[in-house]
Amino acid sequence: MSKNPYLENRKFIIGGIFSLIALIYISRLFYLQVIDDKSKLDARNNAFRYLTEYPVRGYIYDRKGKLLVFNDPAYDLMVVPRNVLFCDTQALCKILGIDTGGFNHRMKRAKLTPRKESYFEKQISSETYAKLQEKMYRFSGFFIQKRTIRRYPQKIAAHLLGYIGEVSKAQADKDPYYREGDYIGISGIEKSYEKDLRGIKGTRIVMVDVHNKEKGRYANGAYDTLAISGKGLYCTIDAELQAYGESLMQGKRGSIVAIDPTTGEILALVTSPTYDPNLLVGRERSKNYALLLKDTIGVPLFNRALMAAYPPGSIFKLIDALVGLKEGVLQPSTVYPCHRGYPPMGNKPKCHPHAAGDLYMAIQASCNSYFSYVFKSIAEEHKYKNFTDGYNNWRDNVMSFGVGKHLGSDLPYELGGNVPSVKYYDKVFGKHHWFANTVISLGIGQAELTILPVQMANVVACIANRGYYHIPHIIKAVDTPKNRNAKYDEKIFCSVPRQYFIPVVDGMERVLKPGGTGYASAIKGIDVCGKTGTAQNPHGKDHAVFLAFAPKNNPKIAIACVVENCGFGGIFAAPIVSLMIEKYLKGDIDRKDPRRVDMEARMVAIDLIHGKNLPPEPKHH
């Protein structure tokens with residue numbers, strides 16, 4: 001029988017295929033075992049440890065380069081439950097200062113992910129770290145992860161700087177950069193600039209022997225990735241001014257916001273009561289946070305500068321004056337009667353005794369009746385067909401000063417305040433059933449009108465600039481002192497043209513002259529333009545308010561202060577603002593002037609929260 005050539009060829013084809021497959025496998029094995037070191041790494045994975053290299057979090061400096069926030073080394077004890085082959089439990093408990101129950105609790109939690117590393121003990125001290133290093137051979141499956149924690153050398157600006165906390169599971173699921181237990185900015189600058197501050201994590205692969213001791217880096221670190229440090233932040237605040245403001249506000253509830261009107265840079269942002277920012281770092285953070293949270297008298301965690309909405313009181317009269325001048329319903333020479341109140345409403349709102357006068361006198365003496373008439377004349381202008389159109393025009397003008405809306409600062413949790421809308425009053429009083437006299441208290445900064453302290457400071461910055469402001473911000477530059485954010489260079493103009501600011505500024509200057517409501521807080525050698533205010537408080541004693549800028553020409557600081565539950569603004573808020581202005585412009589108050597030294601001592605000593613060292617009550621507001 002003759003051979004089938006097809007069968008003969010098929011035999012060679014099949015043999016060739018098998019030979020080719022064998023060659024492929026041999027080549028692959030040669031590549032994996034001889035050429036590619038990574039395969040060795042995978043095969044011997046249990047002899048290697050993958051450590052996250054956490055970057056150094058960015059430092060934070062004040063406007064003069066003083067360090068506000070830096071980092072200290074910290075250490076976390078990690079465990080991979082699957083790799084715990086032997087462990088001297090008693091020795092480990094003794095080093096960590098825990099009992100057997102604490103050990104078992106931690107291990108039970110870690111065993112939820114037996115093949116993954118878990119935190120066994122966080123932020124151990126350098127001393128504990130040194131003791132562990134000597135005995136790691138007795139704790140298989142355990143290793144130490146190096147970290148850093150924040151430190152605050154000057155113990156100031158807690159609300160402004162913010163704090164960091166642990167990443168939650170929800171946050172880790174949302175952002176793949178993080179894993180549970182990482183740290184993230186929770187508030188303040190730490191939150192706003194988290195992506196700049198955090199840097200980029202790296203990975204280090206180390207070899208471990210059978211005694212759980214590190215034997216060096218694998219392949220001399222050829223497969224490691226370096227951590228990239230976070231960027232430094234250059235603050236706008238003046239650390240000395242911030243610390244001074246906090247000392248003046250101790251024992252009081254309230255806030256101070258100071259702005260450089262030429263740039264919008266926040267020079268100081270004080271909220272009181274405050275706390276030492278070092279309390280919210282390290283292993284004691286949770287306990288200290290709970291204690292601060294329980295303080296319902298001072299509420300130290302509440303950022304009053306950005307979140308407390310107050311009726312502005314008489315400081316709002318400045319806006320009404322500007323809008324009235326712009327609308328042509330008010331002239332600097334306009335005189336309105338007072339009679340210790342607003343006669344059309346039965347002398348309500350009430351006013352303190354003073355002579356009738358023009359706009360300058362009305363600002364100097366803070367006449368309630370005068371500005372009630374001004375508000376009525378704006379809202380009921382004859383050029384509008386109905387009252388609500390006039391009211392909306394007034395409201396739009398007011399909001400152009402950055403009132404009743406978010407300013408867009410670079411600090412989180414800033415609220416907007418409130419300038420009541422027509423829709424709101426229609427709901428309260430009924431459509432077409434309310435008029436200027438119905439809401440006349442708006443003219444003197446009362447009723448439902450509310451403004452945040454940062455907005456108060458921004459309003460006075462706008463007046464200092466005669467018609468515009470820059471968005472208030474806390475970071476001057478990122479990474480390098482010259483890397484500025486251009487958006488803060490933009491000028492935001494209010495609706496009132498420059499020429500109408502002249503009489504209002506002149507009136508503000510008279511507030512700190514003889515006969516003015518802030519005369520006691522005048523500063524020798526500095527022309528200060530200010531305005532006192534008393535914000536009504538339905539839940540207790542009224543709040544004191546004062547805003548000012550200085551010098552009158554080429555101003556360098558615009559500032560607002562609110563002191564809660566203390567009455568007239570000239571008694572508390574004005575002296576604090578006066579001292580802050582002198583401190584900033586001169587470097588210190590005049591120590592040769594007994595009047596100024598005494599004023600400073602009184603403001604520091606007065607404790608309104610606990611009722612200590614209080615001054616006598618004024619005869620009238």
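The values are calculated or read from the model by the stated rules, or taken from the named source; none is laboratory data. In this text the structure is predicted, and so the values were computed from the model without any measurement. Note that each Cβ is placed from the backbone with ideal geometry, even for glycine, and that neighbours are counted across all protein chains shown.
Brief remarks on what is shown
- Sub-9 Å Cβ pairs linking a first residue in region 393-414 that is under 29 Å from S377 (Cβ atoms) to a second residue that is modelled with pLDDT of 95 or more and among the basic types (K, R), at least 6 apart or interchain, are N397/K326; G404/R395, ordered by first then second residue.
- Residue satisfying condition, being out of contact with any Ser or Thr (no Cβ under 8 Å at 6 or more places or on another chain) and assigned by TED's automatic domain parsing to the domain that holds R57, within set D224, D182: D182
- Residue check for D426: free of Cβ contacts under 8 Å to residues at least 40 places away in the same chain, of a type in the set (D, E) and within 30 Å of M307 (Cα to Cα): yes
- Of all residues in region 52-110 being within 40 Å of the chain's Cα centre (by Cα) and of a type in the set (V, I, T), the one that is surrounded by the most Cβ atoms within 10 Å (Cβ to Cβ): I60
Each row is one residue, and each column tells you yes or no for (1) β-branched (V, I, T); (2) in contact with a strand residue (DSSP E or B) (Cβ under 8 Å, 6 or more places away or on another chain).
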site	(1), (2)
K431	no, no
F435	no, no
V439	yes, no
T450	yes, yes
K482	no, no
N485	no, yes
D489	no, no
D506	no, no
E509	no, yes
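- Residue in region 499-518 that is part of a helix (DSSP H, G or I), free of Cβ contacts under 8 Å to residues at least 40 places away in the same chain and surrounded by fewer than 20 Cβ atoms within 10 Å (Cβ to Cβ) present: yes
- Near pairs, Cβ below 6 angstrom, 6+ apart or cross-chain, from region 198-215 (more than 28 Å from Y59 (Cα to Cα) and of a type outside the set (F, W, Y)) to any residue that is modelled with pLDDT of 85 or more and assigned to a loop (DSSP other than H, G, I, E, B): N212/S140
- Residue count for region 445-484 satisfying the condition of being at pLDDT 95 or above, touching a Gly at 6+ places or on another chain (Cβ under 9 Å), farther than 22 Å from H543 by Cα and not in a strand (DSSP E or B): 5.
- Checking each residue in region 192-235 for being basic (K, R), more than 28 Å from F139 (Cα to Cα) and either in contact with a helix residue (DSSP H, G or I) (Cβ under 7 Å, 6 or more places away or on another chain) or surrounded by fewer than 18 Cβ atoms within 10 Å (Cβ to Cβ) (or both) picks out K195, K231.
- In region 481-493, residue surrounded by the most Cβ atoms within 10 Å (Cβ to Cβ) [restricted to those that are without any contact (Cβ under 8 Å) to a residue 12 or more places away in the chain and farther than 30 Å from N397 by Cβ]: R484
- Counting only helices (runs of 4 or more DSSP H) that sit wholly inside region 336-438, those with at least 2 residues that are among the basic types (K, R) and out of contact with any Gly (no Cβ under 8 Å at 6 or more places or on another chain) are 422-429.
- Here A574 meets each of (1) touching an Asp or Glu at 6+ places or on another chain (Cβ under 9 Å); (2) within 16 Å of P312 (Cα to Cα); (3) in a helix (DSSP H, G or I) with one exception, condition (1).
- Residue, farthest from A157 (Cα to Cα), within region 218-236, restricted to residues that are within 25 Å of the chain's Cα centre (by Cα) and part of a loop (DSSP other than H, G, I, E, B): S229
- Of the residues in region 250-267, not one is within 30 Å of H543 (Cα to Cα) and part of a helix (DSSP H, G or I).
Table: residues versus (1) at pLDDT below 95; (2) not in a strand (DSSP E or B).
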{"residue": "I21", "(1), (2)": "yes, yes"}
{"residue": "Y25", "(1), (2)": "yes, yes"}
{"residue": "Q33", "(1), (2)": "yes, yes"}
{"residue": "K38", "(1), (2)": "yes, yes"}
{"residue": "P55", "(1), (2)": "yes, yes"}
{"residue": "G58", "(1), (2)": "no, yes"}
{"residue": "L68", "(1), (2)": "no, no"}
{"residue": "D72", "(1), (2)": "yes, no"}
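- Lone unmet requirement of (1) surrounded by fewer than 13 Cβ atoms within 10 Å (Cβ to Cβ); (2) under 26 Å from G540 (Cα atoms); (3) touching a residue at least 24 places away in the same chain (Cβ under 8 Å) for N553: (2)
- Hey, G530 among the small types (G, A, S), touching a residue at least 40 places away in the same chain (Cβ under 8 Å), within 23 Å of L442 (Cα to Cα) and touching a Gly at 6+ places or on another chain (Cβ under 7 Å) or not: yes
- The criterion of at least 3 residues that are closer than 24 Å to S229 by Cβ, touching a Phe, Trp or Tyr at 6+ places or on another chain (Cβ under 9 Å) and of a type outside the set (A, V, I, L, M) is met, among helices (runs of 4 or more DSSP H) falling completely within region 100-214, by 188-192.
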